[in-house]
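Novice: Let me begin by handing over the structure; questions about it come next.
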Amino acid sequence: MEATQGTQTQKQATGIGAYLVRHLREYGLLFALIAVMAFFQIITDGTLLRPVNVTNLLLQNSYIVIMALGMLIVIVSGHIDLSVGSVMGFIGALSAVLIIELDLPVYLAMAVCIAAGALIGAAQGYWVAYWGIPSFIVTLAGMLVFRGASLWLLEGQSLGPFPREFQVIANGFVADPFPAAIGEALAGLFGVARVNVLALMTGVGASVIIVWLELKKRAQNQFYGMQVEPAAFFWGRLAIVAVALIFILFKLATFRGLPNVLLTMGVLTLIYAFFTERTVTGRRIYALGGNVKAAKLSGVKTERLTFLAFVNMGVLAAIAGMVFAARLNSATPKAGFALELDVIAAVFIGGASMSGGVGKIIGAVVGAFLMGVLNNGMSIMGIGIDYQQVIKGLVLLAAVIFDVYNKSKRT
Amino acid sequence: MSVLLEMRGITKEFPGVKALDRVNLTVSEGEILALVGENGAGKSTLMKVLSGVYPAGTYDGEIHYDSQLADFAGITDSEALGIIIIHQELALVPLLSIAENIFLGNECARAGVINFREMERRTVGLLEKVGLSEAPGTLIDSLGVGKQQLVEIAKALSKDVRLLILDEPTAALSETDSQALLDLMLELKEQGVTQIIISHKLNEVRRVADKIVVLRDGATVSAMDAGEEDISEHRIVRDMVGRDMAQRYPARERRAGDLLMEVDGWNVFHPLYPDRQVIHDVSLSVRAGEVVGIAGLMGAGRTEFAMSLFGRSYGQRISGSVSMHGQPVDVSTISRAIDAGLAYVTEDRKALGLVLDETIERNITLSNLPEVARGQILNEAEETRVAEDYRRALNIRTPSVFQHVVNLSGGNQQKVVLSKWLFAKPEVLILDEPTRGIDVGAKFEIYGIINDLSEQGKGVIVISSEMPELLGICDRIYVMNEGAFVGELAAAEASQERIMSLIVTH
């Protein structure tokens, strides 16, 4: 029986079509994002991919992406965090009180906010990890508590504006270190008003690094006799990713350059992707989510890891809270309202499993942008918020149905 | 006797696999037929075809039931004709009562309102038939597996069963419960219920079956009539594995080196009831290269003892001392126990041993990730190399170590769990029911692995409910009953009778 199963798998792998079918989920998400972008690009007469809108798109979704990184880990470990929207709002409020009312130095205030986020995560994670109280309940309570706490902190009022040095974490752009002459020369070459060389270089550099890493991985996999994707797919996928990256960063380059937030988001995404896929602790989190009892009996300190997953979530919610407040240039009691649902939706659209143990950082990030592009595109088209909600809901449902269907077909 | 069921030329294909290849099966009214074969031989698939789980049209061949051509579109069709399957994993709702479970989906109700009195009255009658003395209102949750099995049978009887199919009914049962179940099968036969039993346990099969059909690789290999032929276990095993297995247990040289591990005065209390002592003053020793068995009935406390020893993963108020090479060691948490050189291979590999939705590779390295990492950073190439080594060494049958373990057969899953613990480089391995639910061929391989471990000078403690297995592979056997060791026998002086008598006289 085992032997026949083996030949069966190998047989399936030979056809390119068959390969696509088996890896539909991974490619599907990428294609879905591209298709949605192409659709809105056409329907909005090119507004979607205008440099200013691309920049906006990144800024608008930055805090969702940042929180999705932490949420992915929480969900992979088999839990959920409903409190992140409230915590984000609370930390935004806290930063406003510290900086505007108490006149604390910005960097000190930021450190305090991150510590507060960690503490909030710890307070919730403690009950989940060491007392076995369902995370749904604990964080539902947290959601109410911190929603109330932000109202209390702000006394129901908006608080702003922030000093310039705080605003830049969301609205600032990285200064272009290259001589202006190069930028002007490139601008002339491409026939645009200006080109931020750093942004363009980042796009090219990132593409080169991705291609190099993928090649290395592919060579290694081949060396160990692992099944690799067909060459056509490999190059096709890399080409799409590289072109898309350069394209997006070129758009940014012709506007104001590299947003600070993109840098934060990009660096965090890389760190978390590496952490989840290549480190001992990351691997143990997947095992814990896949089968907590088996992981525990294998010597994994499951309680501590669960606890840390929530602490980490708190820290990222704090960072997101500051980005959000800085972007609006004020803290409002409404900030982060219902945002946890967008974050959770992004993670599930990205292919994570409700029961834990499955999910990827890159999936969550792409999922977040898919939602972001839908929001943005529909807003440009002037579709009402009512329809937007309905459509987003259906997209989430479709993604999960697709997952379940795919899985049932395989077994 | 007239023929109740005839399956002719049943062929069932899955993409790329022929699960059943022109299987013929004839069951006469009122007999018990035993279906035996290795895991993956096609027994369960055949029963799924019969019960309509795979509807007519998805397989080739014909089913004649009660002289009628039967083409079931689903399980309701087959149940309507009195064909009922009791699956290995029981399908009872734990928090409903016995009566509610028996009539689940078939409630005694008028206009949707349940008549509980009528339901309980009928339940009492059914429970009497299966010999279960429990109140109909008892929650399933509070019953042991043996009694739950009886409730399943009562449920089948409530549906006017004519052909009862039992899939590995005794796999999770203790010796006494198994015997009671087999007696019940014989009694039901008297009442005219035709039965098919799927089992790995040949002694049970021989006890109840009128006819034995052996399946191998999706085809019928032999059909033996218990009344006429002299059926030896030897012959059945040979038909099952397709080769003459001269010995069920590989030969080994008994060797015992220096004292390796010693447990002294081990006491454990129940995790929920701090007053209830589960393990009483247990002391045990293992020498290097020695295979030590722990015999006992289900519920004797063997698993509880092993798990409490392994990082206190069971129980509370644990006292007693553990030493390795004469030095006291700390086994108070699982990671400390692992560091001390202990490994525990669980009896429940799916729930406690494996991350089913992960690859073979990732399961194998889980207990010792730092070994394939530099600091925090994993070396994936090294990880693959390690997994490949174990795949080859333990003969895990899989196209690659990147297969998810959920797709493997029981025997291969067990080898993955063993690999995981071998990779943790332990000195003493506790194997809890290492061959439960796996087929004869894989069992033989597991015994071979145990021998290899002993040759490498490791200490092995084997917990098993199958006494012949312990007698076949151990150097020394402790007998456990009601949480205490009641005897210790050297392999030469041990026998099933002596073990049993130690249990019953204490």
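Novice: With a 10 Å cut-off between alpha carbons and a GNM built on chain A, which of A:F90, A:F146, A:F39 moves the most?
Specialist: A:F39
Novice: Please compute the average number of Cβ atoms from other chains found within 10 Å of each residue's Cβ in peptide B:471-483. Walk me through the intermediate numbers first.
Specialist: Numbers: counts 0, 0, 0, 0, 0, 0, 0, 0, 0, 0, 0, 0, 0.
That works out to 0 on average.
Novice: I would also like to ask the following. Working from the pairwise distances between different alpha carbons, so that the mean of 1/r is found and then inverted, what is the range A:223-294's Kirkwood radius in Å?
Specialist: Hydrodynamic radius (Kirkwood, Cα pairs) of the range A:223-294 is 15.7 Å.
Novice: If you average over every viewing direction, what projected area does the convex hull of the Cα atoms of the range A:230-364 give, in nm²?
Specialist: Computed as one quarter of the Cα hull surface, the answer is 11.0 nm².
Novice: Using the C-alpha gyration tensor of the range B:1-140, what are the square roots of 5 times its eigenvalues, in whole angstrom, with the largest one first?
Specialist: After diagonalising the Cα gyration tensor, the semi-axes are 34, 17, 16 Å.
Novice: Please report, in debye to the nearest 20, how large the charge dipole of chain B is about its Cα centre when each Lys and Arg carries +1 at its beta carbon and each Asp and Glu carries -1 there.
Specialist: My answer is approximately 580 debye.
Novice: Given H placed 1.01 Å from N in the peptide plane, which residues other than close sequence neighbours of A:T279 have an amide H under 5 Å from its amide H?
Specialist: B:L378
Novice: Explain nothing, just the number: dipole magnitude of the range B:35-186 about its Cα centre with +1 on each Lys and Arg Cβ and -1 on each Asp and Glu Cβ, in debye rounded to the nearest 20.
Specialist: 420 debye
Novice: For the range A:162-311, how big is Rg over Rh, using alpha carbon atoms and the Kirkwood form of Rh?
Specialist: 1.11
Novice: Would you list which lysines come within 16 Å of B:K443, measuring only between C-alpha atoms, while excluding same-chain residues fewer than 8 positions from it?
Specialist: B:K443 reaches B:K201, B:K415.
Novice: For an R0 of 56 angstrom, estimate the FRET efficiency from the Cβ-Cβ distance between A:L238 and B:D348 and round to the nearest 0.05. Working shown, then result.
Specialist: Working: r = 44 Å, r/R0 = 0.79.
FRET efficiency, A:L238 to B:D348: 0.80.
Novice: Let me ask something else. Which whole number gives the average count of other chain Cβ atoms within 10 Å of the Cβ atoms across peptide B:369-378?
Specialist: Average neighbour count from other chains, rounded to a whole number: 4.
Novice: Moving on to the next point. Using every Cα-Cα pair within chain A, state what percent have a distance larger than 42 Å.
Specialist: For chain A, the share of Cα pairs beyond 42 Å comes to 15 percent.
Novice: What do you get for Rg/Rh over the range B:272-381 if you use C-alpha atoms and the Kirkwood form of Rh?
Specialist: 1.01
Novice: Sticking with this one: What does the average come to when, for each residue of peptide A:285-294, you count the partner chain Cβ atoms lying within 10 Å of its Cβ?
Specialist: Going residue by residue through A:285-294 and averaging, the value is 6.
Novice: Let me ask you something else. State the answer as a single residue: which of A:I285, A:V300, A:L268 lies farthest towards the positive end of the charge dipole of the range A:204-347, with beta carbon charges of +1 for Lys and Arg and -1 for Asp and Glu, about the Cα centre.
Specialist: A:V300
Novice: Calculate log10 I(q)/I(0) of the range A:268-331 for q = 0.18, 0.25 Å⁻¹, where I(q) comes from the Debye formula with a single equal point scatterer on each Cα and nothing for solvent.
Specialist: Debye curve over Cα of the range A:268-331, log10 I(q)/I(0) at q = 0.18, 0.25 Å⁻¹: -0.72, -1.04.
Novice: Any idea what diffusion coefficient the range A:147-250 gets from Stokes-Einstein, in µm²/s, Kirkwood Rh on alpha carbon pairs, 4 °C, 1.567 mPa s?
Specialist: My calculation gives 72 µm²/s for D.
Novice: When the chain is fully extended, how far beyond the present Cα-Cα distance does B:H234 get from B:S283, taking 0.36 nm per residue of separation? Intermediate values should be presented prior to the final figure.
Specialist: Numbers: separation 49, 0.36 × 49 = 17.64 nm, distance 3.80 nm.
Residue separation times 0.36 nm, minus the Cα-Cα distance, leaves 13.8 nm.
Novice: Could you check the spin-label model distance between A:R304 and B:Q456? Points 7 Å from the Cα along Cα→Cβ, value in nm.
Specialist: Each label point lies 7 Å from its Cα, and together they span 2.7 nm.
Novice: Once both labels are modelled 7 Å past Cα along the beta-carbon direction, what's the A:K407-A:D45 spacing in nm?
Specialist: Output for this residue pair reads 4.6 nm.
Novice: If one puts a single equal scatterer on every Cα of the protein assembly as shown and applies the Debye formula without solvent, what log₁₀ I(q)/I(0) results at q = 0.06, 0.07, 0.08 Å⁻¹?
Specialist: After summing over all Cα pairs, the log10 values are -0.53, -0.72, -0.91.
Novice: From the residues A:L339, B:Y65, B:G257, which one has its Cα farthest along the dipole of the protein assembly as shown in the positive direction, the dipole being from +1 and -1 charges on Cβ of Lys/Arg and Asp/Glu about the Cα centre?
Specialist: Comparing the listed Cα positions along the dipole, A:L339 ranks first.
Novice: Using the Cα centre as the reference, give the magnitude of the dipole from point charges on the C-beta atoms of chain A (Lys, Arg: +1; Asp, Glu: -1; all else neutral), rounded to the nearest 20 debye.
Specialist: In debye, rounded to 20, chain A gives about 1140.
Novice: What does DSSP give for the range B:314-471 in terms of the percent of beta bridges that are antiparallel, rounded to the nearest 5?
Specialist: The antiparallel fraction comes to roughly 35 percent.
Novice: Just from its helices, what would the mean residue ellipticity at 222 nm be for the protein assembly as shown, if runs of 4 or more DSSP H residues each count -39500 (n - 2.57) and the sum is divided by every residue, rounded to the nearest 500 deg cm²/dmol?
Specialist: -17000 deg cm²/dmol
Novice: Hey, another quick one. When the Karplus curve 6.51 cos²θ - 1.76 cosθ + 1.60 is applied with θ = phi - 60°, which whole-Hz ³J(HN,Hα) does each residue of the range B:329-336 get, with x for Gly and Pro?
Specialist: 10, 9, 10, 7, 10, 5, 5, 5
Novice: Please give the Cα centre distance for the range A:97-111 versus the range B:38-106, rounded to the nearest Å.
Specialist: 69 Å
Novice: May I pose another question? D for the range B:365-506, whole µm²/s, Stokes-Einstein with Kirkwood Rh over alpha-carbon pairs at 20 °C and 1.002 mPa s: what number?
Specialist: 126 µm²/s
Novice: Under 10 Å, Cα contacts only: if you run a Gaussian network model on chain A, which one of A:R218, A:R147, A:R327 comes out with the highest mean-square fluctuation?
Specialist: Among A:R218, A:R147, A:R327, the largest GNM mean-square fluctuation belongs to A:R218.
Novice: Throw me the Rg/Rh for the range B:249-307, computed over C-alpha atoms with Kirkwood Rh, two decimals.
Specialist: 1.08
Novice: While we're on this one: When DSSP assigns beta bridges and you keep just the ones with both residues in the protein assembly as shown, what percent turn out antiparallel, to the nearest 5?
Specialist: Percent antiparallel among DSSP bridges in the protein assembly as shown is about 60.
Novice: So what is the diffusion coefficient of chain B in µm² per second by Stokes-Einstein at 20 °C and 1.002 mPa s, using a Kirkwood Rh over Cα pairs? The partial results should precede the final answer.
Specialist: Details: Rh = 24.8 Å.
Value of D from the Cα-based Kirkwood radius: 86 µm²/s.
Novice: Continuing with this model, one more query. Just to be sure I understand: with springs between alpha-carbon atoms less than 10 Å apart, which residue in A:A335, A:A199, A:A242 has the highest mean-square fluctuation in the Gaussian network model of chain A?
Specialist: Of A:A335, A:A199, A:A242, the most mobile in the Gaussian network model is A:A242.
Novice: Given a Förster distance of 30 angstrom, what is the FRET efficiency for B:T176 paired with B:R317, based on the Cβ-Cβ distance and rounded to 0.05?
Specialist: For B:T176 and B:R317, the calculated efficiency is 0.50.
Novice: Next question, about the same structure. If you rank A:W152, B:W266, A:W131 by fewest surrounding Cβ atoms within 10 Å, what's the result?
Specialist: Ascending Cβ contact count within 10 Å gives the list A:W131, A:W152, B:W266.
The numbers here are math on the coordinates, done by the rules we state, and not lab data. Just so we're clear, the structure is a prediction, and the values are computed from it rather than from any experiment. Neighbour counts are summed over all protein chains in view; Cβ atoms, including those assigned to glycine, are modelled from backbone coordinates with ideal geometry.
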